[in-house]
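Visitor: Once you've had a glance at the structure underneath, I'll fire off some questions.
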Amino acid sequence: MSVKQIIEVGKRLYNRNLTCGTSGNISLRQRNGQILITGTGTRLGYLSVNDVVLIDKNGDNLEGKGSSERYLHSAIYNKRKDVKAIIHVHSVAMTSFACAGKGMNQNIHPENILVFDDIPLAPYGMPSSEELVENTVKFFEDRDVVLMANHGVVACGKDLEDAFTKIEMAEANAQIILNSLILGGGVALSKKDVEDLKKLKNGN
Ligand SMILES: [Zn+2]
């Protein structure tokens with residue numbers, strides 16, 4: 001069941017143009033703490049049952065060879081007990097922000113503020129390095145979606161649907177910000193508008 005969910009979400013990410021080729025990885029925490037994760041070099045759009053492997057809670061391989069970013073996944077799970085699923089992709093619009101050295105903190109669209117607050121940019125660390133894990137994981141303290149400089153984006157959720165929805169919505173927001181720049185720059189909401197939105201979010 002869980003493996004099927006990963007395969008299904010991989011297809012959806014690919015069909016929605018949120019990933020391509022061998023980029024990205026997906027994981028799902030199991031009840032016993034072990035983690036199902038896509039294997040290294042697999043194509044998310046064309047996963048088969050054998051492409052999903054098992055790692056332990058420290059990110060070490062148990063069966064097969066997990067994604068090269070498996071230590072990033074395990075470190076996020078270890079930091080956040082509420083997180084059950086993680087998706088990492090190089091979706092084009094968000095990765096453009098990451099490559100331009102910019103986080104998504106432009107207060108031009110209420111959705112971005114309501115759903116994400118903002119989407120911060122973690123400093124660069126070489127892909128699959130310890131530095132990347134260190135630089136990125138700390139942002140998950142109070143955020144669910146984090147850009148990684150010159151690399152891509154990671155989102156976590158209470159399940160795979162939740163993580164997928166965050167990636168989908170965050171990428172749409174990145175496209176809105178980019179298109180606004182083409183049209184002369186987004187018009188930022190006022191400080192009061194932003195505060196009102198945060199109150200709405202917190203139910204005040
Ligand atoms: Zn990557």
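The values are calculated or read from the model by the stated rules, or taken from the named source; none is laboratory data. Nothing here was measured: the structure is a model prediction, and the numbers come from that model. Reconstructed Cβ throughout: ideal geometry from the backbone, glycine too, with neighbour counts over all protein chains shown.
Visitor: Criterion first (surrounded by fewer than 22 Cβ atoms within 10 Å (Cβ to Cβ), under 20 Å from residue 152 (Cβ atoms) and either within 13 Å of the ligand (Cβ to nearest atom) or not charged (D, E, K, R) (or both)) does residue 100 satisfy it?
Guide: Yes, satisfied.
Visitor: How many residues are more than 16 Å from the ligand (Cβ to nearest atom) and assigned to a loop (DSSP other than H, G, I, E, B) if we restrict to the stretch 142-163?
Guide: Count: 5.
Visitor: Just a yes or no: is a residue in the stretch 84-97 more than 13 Å from the ligand (Cβ to nearest atom) and in contact with a Phe, Trp or Tyr (Cβ under 9 Å, 6 or more places away or on another chain)?
Guide: Among the residues of the stretch 84-97, at least one is more than 13 Å from the ligand (Cβ to nearest atom) and in contact with a Phe, Trp or Tyr (Cβ under 9 Å, 6 or more places away or on another chain), which makes the answer yes.
Visitor: While we're looking at this one, here's another question. Please find, within the stretch 166-204, the residue that is nearest to the chain's Cα centre (by Cα) out of those that are farther than 17 Å from residue 96 by Cβ and outside any helix (DSSP H, G or I).
Guide: By that ranking, first place goes to 202.
Visitor: Tell me the residue from 182, 167, 176 that is within 26 Å of residue 30 (Cα to Cα) and either away from the ligand (no atom under 16 Å from the Cβ) or surrounded by 15 or more Cβ atoms within 10 Å (Cβ to Cβ) (or both), please.
Guide: 167
Visitor: Scan the stretch 84-96 for residues that are surrounded by fewer than 22 Cβ atoms within 10 Å (Cβ to Cβ) and either in contact with a strand residue (DSSP E or B) (Cβ under 7 Å, 6 or more places away or on another chain) or modelled with pLDDT under 95 (or both) and report the count.
Guide: 3
Visitor: Residue 39 - would you say it is over 30 Å from residue 191 (Cβ atoms), in contact with a strand residue (DSSP E or B) (Cβ under 6 Å, 6 or more places away or on another chain) and modelled with pLDDT under 95?
Guide: So residue 39 does not fit the description; no.
Visitor: Here's another thing I want to ask about it. How many residues does the stretch 76-115 hold that are within 16 Å of residue 18 (Cβ to Cβ) and in contact with a His (Cβ under 9 Å, 6 or more places away or on another chain)?
Guide: Final tally of qualifying residues: 5.
Visitor: Output the residue which, of all residues in the stretch 67-108 that are of a type in the set (Ser, Thr, Tyr) and out of contact with any helix residue (DSSP H, G or I) (no Cβ under 6 Å at 6 or more places or on another chain), is nearest to residue 177 (Cα to Cα).
Guide: Ranking the qualifying residues of the stretch 67-108, first place goes to 96.
Visitor: Can you tell me which residue is farthest from residue 8 (Cα to Cα) among those in the stretch 133-151 that are in contact with a Gly (Cβ under 8 Å, 6 or more places away or on another chain) and crowded, with 22+ Cβ neighbours inside 10 Å?
Guide: Within the stretch 133-151, the match that is farthest from residue 8 (Cα to Cα) is 136.
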